[in-house]
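See below for the structure under consideration.
The values are calculated or read from the model by the stated rules, or taken from the named source; none is laboratory data. Small disclaimer: the values here were computed from a predicted structure and weren't measured. Positions of Cβ are generated from backbone atoms using ideal geometry, with glycine treated the same way; all protein chains shown enter the neighbour counts. We work out accessible area using only protein heavy atoms, side chains counted, and drop any ligands, DNA or RNA first. Shrake-Rupley method; radii C 1.70, N 1.55, O 1.52, S 1.80 Å.
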Amino acid sequence: MSNYHIKHLEEYYQVYRKSVRNPEGFWEEIAEEHFLWRKKWDNVLSWDFKKPEVKWFEGAQLNITENCIDRHLATRGDKTAILFEPNDPKEGSEHITYKQLHHRVNKFANVLKEQGVKKGDRVCIYVPMIPELAISLLACARIGAIHSVVFAGFSSKALATRINDSDCKMVITSDGSYRGSKTIDLKGIVDEALESCEGVEKVLVAKRINSDINMKEGRDLWLQPLLDAASDQCKAEVMNAEDPLFILYTSGSTGKPKGMVHTTGGYMVYTAYTFKNAFQYRENDVYWCTADIGWITGHSYIVYGPLANGATTVLFEGVPSYPDFGRFWDIVDKHKVNQFYTAPTAIRALAKQGVEIVEKYDLSSLKVLGSVGEPINEEAWHWYNDNIGKNNSPLIDSWWQTETGGIMITPIPYVTPTKPTYATLPFIGVQPCLMDENGKELKGNQVDGRLCIKFPWPSIARTIWGDHQRYKDTYFSTYENMYFTGDGALRDEVGYYRITGRVDDVIIVSGHNLGTAPIEDAINEHPAIAESAIVGFPHEVKGSALYGYITLKDAGESRKHDNLRKEINQLISDRIGPISKLEKIQFTNGLPKTRSGKIMRRILRKIAEKDTSNLGDTSTLLNPECVQEIIDNAL
Ligand code: WTA
């Protein structure tokens, strides 16, 4: 029996028990059998959550690109590694084989070296979803430079903050990007950001939209001529397992973004192992994750996890609505995608378009559906499961975080029976627990608490760049000797986990703890409702009461608002109980969202509290324009 590929539930429990009884032995076996090491470790794991410090495979040497590229050349050299699907379907897709990827990564790595980048230097990558994006990550890793990818939808201000925080000496970007029918002047945004970034010496510019841009003499260089001139042989830098691989910023509830640091060995082992199992990837499958590489989902499950398994990974430049709302399904059909991984927000947007558009395409290649990024509400779960999966492709609701590096709680498709809105069981080696507010662990099933992890897994972030104290305070100080996720969760009668949302979103009404996700689920069942968000606001008698922001599928329904309010509260009463009824219901045209599609509850909470003096920086929102509308109509 190979521990590497779990095939049935009994085997899951067996391997899980083994991984928890003897984590060192378990991960050592996985690491030894499935990866290429220049030198084996002296010690599998040392850890102390008090400091906090975690080290996996200490003393081992490797280069992650040899694992993601070189070792596949002999057996999979002509297999497609990256399948690029451009924004405009008329442009045609591009298949990059493992051999070609090797060639392009080596050239790029040599360009980085020629431009003065050395092992340990930080390189900021601000590139749209084109092959150069994936290649630039790998090129950095090839020479041991630490990449810091910034999602190419962030503003110049957000970009500058991130460049300065980790002191990047180079920025890689493109002349511009395509997004549906629009083009975006990326280089202009970089120029603006760099006015306040003194440490940046060089900017490499990939050509994408052929726009006429400013090139600053001595600083800015077109990438292509440098690539053309560079050698396609570049020896991989030998890295220690605990050397940083990348920094990726994630927003905290307060303060500036946190630069989460991931290291090389443990991250590789965990992302590769989770990829293989959580998606049941088999040789020659075509796998597609719709996330942007600017987020952790793209790092781990577009680039590193798939390539470490020699997989074919689709890289899609465009948006779900261009040229029309059938685009996702068109791509699945065209490339015969087998595993499809996306976010609930996309599912809800597509569900709004109706099933007729889905039915135009042949989705029979699909074997596994995935969801990530936020709790998936029951209605969206069923729509996805029924209309895309045809009740035939297991839907894995996978819970994890930028900080965890890889998937932590998820069904294993064809292994774990799924249950709507449940992330179900911990992945192999993951030891979750639920805690109450007093720091006591809630044992047994049918409990509801704060989600913590008791034991390190290989891809846990090791620190926050430049601020280890903040790392400790944020994740290791709330509960003794545990990693605190910041999420709430419940465990059902069979031990399945359901993530109920960030604990900062828990609202206590008349002494009752209410999770926002189940209430939103109930509301979203209403046929007229597209999306909803619940926040708390101070209430004289109840302590807190609930404020609901609700968008309707058809904004023209306005004349029926009072009836709708009654119906919504009736639904909530029916599904959860009268205690969860909304005190106030405001109908809005949109909900403020982050670029990754998460609803910005902080803003909604402030508006509900009538405290709009300091809403923070709303310029990085996906739809900043909706904020004023919500303020103007607040109740
Ligand atoms: C939320 C994304 C419910 C959660 C990989 C977590 C989820 C935060 C799920 C991390 C899920 C992610 N069900 N909630 N399946 N997946 N979340 O860092 O609140 O962008 O803490 O990582 O998203 O978001 P991040």
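Results, tabulated for the structure shown:
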read-out: Wholly enclosed helices (runs of 4 or more DSSP H) of the range 268-351 bearing at least 1 residues modelled with pLDDT under 95 and touching a helix residue (DSSP H, G or I) at 6+ places or on another chain (Cβ under 6 Å); value: 344-351
read-out: Residue match in the range 353-368 (condition: modelled with pLDDT of 95 or more, within 16 Å of the ligand (Cβ to nearest atom) and under 28 Å from Glu283 (Cα atoms)); value: yes
read-out: Checking Tyr414 against (1) within 16 Å of the ligand (Cβ to nearest atom); (2) over 29 Å from Leu245 (Cβ atoms); (3) of a type in the set (Ser, Thr, Tyr), the condition it does not meet; value: (1)
read-out: Residue in the range 411-431 that is over 21 Å from the mean Cα position of the chain (by Cα), of a type in the set (Lys, Arg) and farther than 27 Å from Tyr341 by Cβ present; value: no
read-out: Tally of residues being among the aromatic types (Phe, Trp, Tyr) and within 18 Å of His561 (Cβ to Cβ) across the range 516-537; value: 0
read-out: Unmet requirement for Gly180, which otherwise passes all of (1) on the phi < 0 side of the Ramachandran plot; (2) under 27 Å from the mean Cα position of the chain (by Cα); (3) small (Gly, Ala, Ser); value: (1)
read-out: Exclusive hit being of a type in the set (Gly, Ala, Ser) and open to solvent by 10 Å² or more (accessible area, probe 1.4 Å), set Gly326, Gly318, Gly298; value: Gly318
read-out: Residue ID - nearest to the ligand (Cβ to nearest atom), chosen from residues in the range 590-612 that are open to solvent by 30 Å² or more (accessible area, probe 1.4 Å) and over 29 Å from Val150 (Cα atoms); value: Glu609
read-out: Failed item in (1) more than 15 Å from Ile6 (Cβ to Cβ); (2) within 12 Å of the ligand (Cβ to nearest atom); (3) not acidic (Asp, Glu), with Leu442 passing the rest; value: (2)
read-out: Residue selected from the range 457-500 under the condition part of a helix (DSSP H, G or I) and out of contact with any strand residue (DSSP E or B) (no Cβ under 8 Å at 6 or more places or on another chain), by the criterion most open to solvent (accessible area, probe 1.4 Å); value: Gln469
read-out: Considering residues of the range 502-525 that are more than 16 Å from the ligand (Cβ to nearest atom) and either on the phi > 0 side of the Ramachandran plot or open to solvent by 20 Å² or more (accessible area, probe 1.4 Å) (or both) only, the residue modelled with the highest pLDDT; value: Glu525
read-out: Residue selected from the range 554-586 under the condition farther than 21 Å from Ile607 by Cα and part of a loop (DSSP other than H, G, I, E, B), by the criterion least open to solvent (accessible area, probe 1.4 Å); value: Gly577
read-out: Only one of Thr264, Thr250 that is over 25 Å from Glu91 (Cβ atoms), in contact with a strand residue (DSSP E or B) (Cβ under 6 Å, 6 or more places away or on another chain) and open to solvent by 10 Å² or more (accessible area, probe 1.4 Å); value: Thr250
read-out: Considering residues of the range 1-43 that are among the basic types (Lys, Arg), out of contact with any helix residue (DSSP H, G or I) (no Cβ under 8 Å at 6 or more places or on another chain) and in a helix (DSSP H, G or I) only, the residue least open to solvent (accessible area, probe 1.4 Å); value: Arg17
read-out: Scope the range 329-345; condition closer than 26 Å to Ile550 by Cα and open to solvent by less than 20 Å² (accessible area, probe 1.4 Å); matching residues; value: Thr342, Pro344
read-out: Close pairs from the range 342-365: first under 15 Å from Asp386 (Cα atoms), partner buried (at least 16 other Cβ atoms within 10 Å of the Cβ) and hydroxyl-bearing (Ser, Thr, Tyr), Cβ under 8 Å, at least 6 apart; value: Pro344/Ser371; Ile347/Ser371; Ile347/Tyr384; Ala351/Tyr384
read-out: Residues (part of a helix (DSSP H, G or I) and open to solvent by 40 Å² or more (accessible area, probe 1.4 Å)) located in the range 195-225; value: Gln224, Pro225
